[in-house]
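Notes follow once the structure below has been shown.
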Amino acid sequence: MKIHRILALACGFAAFTTLKAVGDTPVDFVKQIKPILADRCVECHNSETLLGELNLQSRALAFEKRKAGPVIHPKNADKSMLYLVLTLPPKDKKAMPATGHRIPKDEIQLIRQWINEGAQWPEGKDGAISAQHKKPGK
């Protein structure tokens with residue numbers, strides 16, 4: 001019986017340290033966040049369509065003052081609309097993305113971690129996201 005407790009504790013500790021290690025790795029905007037924004041957000045939130053007064057094509061544009069308030073609160077995902085709208089039930093009229101497939105939970109958690117880490121977003125080419133409009137029928 002004692003050996004089973006020791007094994008259970010060891011397995012639990014190993015699982016905990018593995019999960020903690022994943023969260024300890026800082027999120028890389030260019031490799032992890034930029035592709036999500038490019039694939040799922042910038043199609044509607046760009047300089048041409050500007051839905052919700054939000055342009056996510058660069059850090060400067062994403063952090064511009066909006067009537068509705070800031071969309072990203074660095075170090076506080078729970079106050080950041082960018083994160084919150086991704087977690088709303090699909091039928092909620094404010095849920096994003098408004099059309100198409102939902103963003104997978106692991107990618108939403110990456111966005112949450114990135115915001116809580118301070119929402120680092122490089123300037124220049126690394127931080128720029130181009131709007132890739134889909135052609136009708138595609």
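Condition (residue is touching a Leu at 6+ places or on another chain (Cβ under 8 Å) and under 21 Å from C44 (Cα atoms)) applied to segment 116-124: is it met by at least one residue? No: zero hits. Restricting to segment 49-98, and then to whatever is in contact (Cβ under 8 Å) with a residue 40 or more places away in the chain and among the basic types (K, R), can you tell me which residue is surrounded by the most Cβ atoms within 10 Å (Cβ to Cβ)? Checking each candidate, the answer is R59. Apart from one condition, D106 fits all of (1) assigned to a helix (DSSP H, G or I); (2) surrounded by 11 or more Cβ atoms within 10 Å (Cβ to Cβ); (3) without any contact (Cβ under 8 Å) to a residue 60 or more places away in the chain; (4) within 10 Å of the chain's Cα centre (by Cα); the exception is (2).
For segment 40-95, the set of residues classified as among the hydroxyl-bearing types (S, T, Y) and part of a helix (DSSP H, G or I) consists of Y83, T87, listed by residue number.
Bear in mind that the values in this text are calculations on the coordinates, not laboratory data. Everything numeric here is computed off the predicted structure, so don't read it as measured data. Neighbour counts run over all protein chains shown; Cβ positions are idealised from the backbone, glycine included.
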